[in-house]
Amino acid sequence: MANLFTMKPDEKYRLTLFLLLAASSVMSIAVLAARAFTSESYRYLFLVWNLILAWIPFLMAWVAYVSTRLPKILMLLLTSGSAILWLLFLPNAPYILTDFQHLAHPDALVPVWYDVIMLIWFGWNGLLLGIISLYFMQEIVVRMLGTIAGWIFVTLVTAMSSLGMYIGRFLRWNSWDVVGNPLPLASDILDRIIHPFSHPRTLTFTILFTIFFLFLYVTLYVFGHLMNASQEHSIKRSS
Amino acid sequence: MQTLLKFTSEQQLRLRIFVLLVFMSTVAISMLVYRNATMDSREYRFLVFNLNLAWMPLILSTIIYASQSLPKPLNLLIALGGALLWLFFLPNAPYMLTDFENLLKNNDAPIWYDVLMIAWFAWTALLVGIYSIYQMQELVTTYFGTVTGWLFTSSIIILSSLGVYLGRFLRWYSWDILRRPEKIVTNVFEHLASPQNQRNFFLYIGLLSLLSLTVYVTFFLFGQLVNANKKDTTPK
């Protein structure tokens, strides 16, 4: 009973975050729809597709998280299955940030400031879907293997995801090519891992994006702990 | 003794966020320096200036926050004067998001590098702004309660979006509010005489406010989630 009761606040925040991200996604699609409607242009409609792909890792991480409470065998199957899918689809979340490059080719139909706000909105949704889903997975790892393993996990996954973004942006592979086209994809990846310095663009992109994502992640994480500390502090002050 | 211990852990977290933000700013500037050195280019140097301006609100809100331990009339004076100055400088933080529109005119470096570089600048500035608003919200909440705290944050975000508009479209700076306030007012009224500008004005401020508020609330909720989990896993 006590256990059930202490579970409540974090479930509540998880659900609220889900609703907020859903509302934010709907808003960004509405901004795009207004653009398409007034300019009668089909440009940027791919953002909707990219946003749907960005939601997959979030949903998979949630499935993995919830299934850790199931009985043992079922839990292992569901958690590891959804974890693998999560990892394959994770690069889609921060990927939306790279769509900013379309701003370099503006069209006369819509003012640039509108496209900037729209892209920020989509990019923000993708980034946060990635960050929060990574946090869900980190919690599972921390519970099973401890805090240090949790942070090693976060670093490794971030690096893999950044490489995945590169593969998607520049080599035009999709997450599902792991099943549909495994051999050419694997040779592309292995070539870059074995000879990192003959692919300077891959190396620069992956390293820069890994650091970027890690910093955002850690800052958000520390911010959470600060809220905890300052709330306890103000409760003490007022009592 | 226990309160002292709790207090230092809070101070420690504040310091950690500060160091993280300084580090992110350093990496962003290094990316720009590296870009311009290797490409022999002079583009995008305004990003450094804009990032410096984006730091102003955080420096001001930290001063206000720290001054609250001073004796009574002094802390209120600093809070009121500082808060006004803070409000004038706050728009510089979200303003950096709009620097993405400069992607248009430049092509000295590969576009993916510029996207990542501007994203770095913009996100650092955004985090600086969010953390600064959070500090001020904490103060308002301590003095006037939670509801007032959120009313404060919502109105601040709308005012700040207005500030971004004044900066982006009418090219005013924060310090112009002190130097020639009357010119800003007449300029805004002239600008809003055209119905086209009027529509853009409300659309821009509405969209940017909604976006900023969503961003802020998501940060807040994520913080609460981390917080709830921490309590859940701390040994009893």
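Bear in mind that the values in this text are calculations on the coordinates, not laboratory data. All values derive from a computational prediction rather than experimental measurement. Ideal geometry is used to build each Cβ from the backbone, glycine not excepted, and the neighbour counts take in all protein chains shown.
Which value, in debye to the nearest 20, gives the size of the charge dipole of the protein assembly as shown about its Cα centre, when Lys and Arg are +1 and Asp and Glu are -1 at the Cβ?
1020 debye
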Using just the helices of chain A, give the 222 nm mean residue ellipticity in deg cm²/dmol: DSSP H runs with n ≥ 4 each add -39,500 (n - 2.57), and the total is spread over all residues, rounded to 500.
-28500 deg cm²/dmol
Would any residue of the stretch B:106-132 have its amide N under 12 Å from a label point 7 Å out along Cα→Cβ of A:Arg201? List them or say none.
B:110-113
With the dipole of the protein assembly as shown worked out from charges on the C-beta (+1 for Lys and Arg, -1 for Asp and Glu) around the Cα centre, which of A:Pro57, B:Ile157, B:Ala79 lies farthest toward the positive end?
B:Ala79
Which value in deg cm²/dmol, rounded to the nearest 500, describes the helix-derived mean residue ellipticity at 222 nm for chain B, given -39,500 (n - 2.57) per DSSP H run of n ≥ 4 and division by the residue count?
-28500 deg cm²/dmol
Please arrange B:Tyr204, A:Tyr166 by how many other C-beta atoms lie within 10 Å of their C-beta, fewest to most.
B:Tyr204, A:Tyr166
Positive end of the charge dipole of chain A (Lys, Arg +1 and Asp, Glu -1 on Cβ, about the Cα centre): tell me which of A:Thr204, A:Val179, A:Trp124 has its Cα farthest that way.
A:Trp124
Centroid-to-centroid separation of the stretch B:114-144 and the stretch B:16-61 [C-alpha atoms, Å]:
15 Å
Helix axis angle, B:195-233 relative to chain B longest principal axis, alpha carbon, degrees:
30 degrees
Any idea what the dipole of chain A comes to, in debye rounded to 20, about its Cα centre with Lys/Arg Cβ at +1 and Asp/Glu Cβ at -1?
560 debye
Coordinate range along principal axes, alpha carbons of the stretch A:132-212, Å, largest first
37, 28, 21
Top mean-square fluctuation among A:Val63, A:Val26, A:Val154, Gaussian network model of chain A, C-alpha springs under 10 Å?
A:Val26
Along the charge dipole of chain B, which of B:Leu70, B:Leu127, B:Val27 sits closest to the positive end, that is, farthest toward it, with unit charges on the beta carbon of Lys, Arg, Asp and Glu (+1, +1, -1, -1)?
B:Leu70
With eigenvalues of the C-alpha gyration tensor scaled by 5 and rooted, the stretch B:2-233, Å:
31, 25, 17
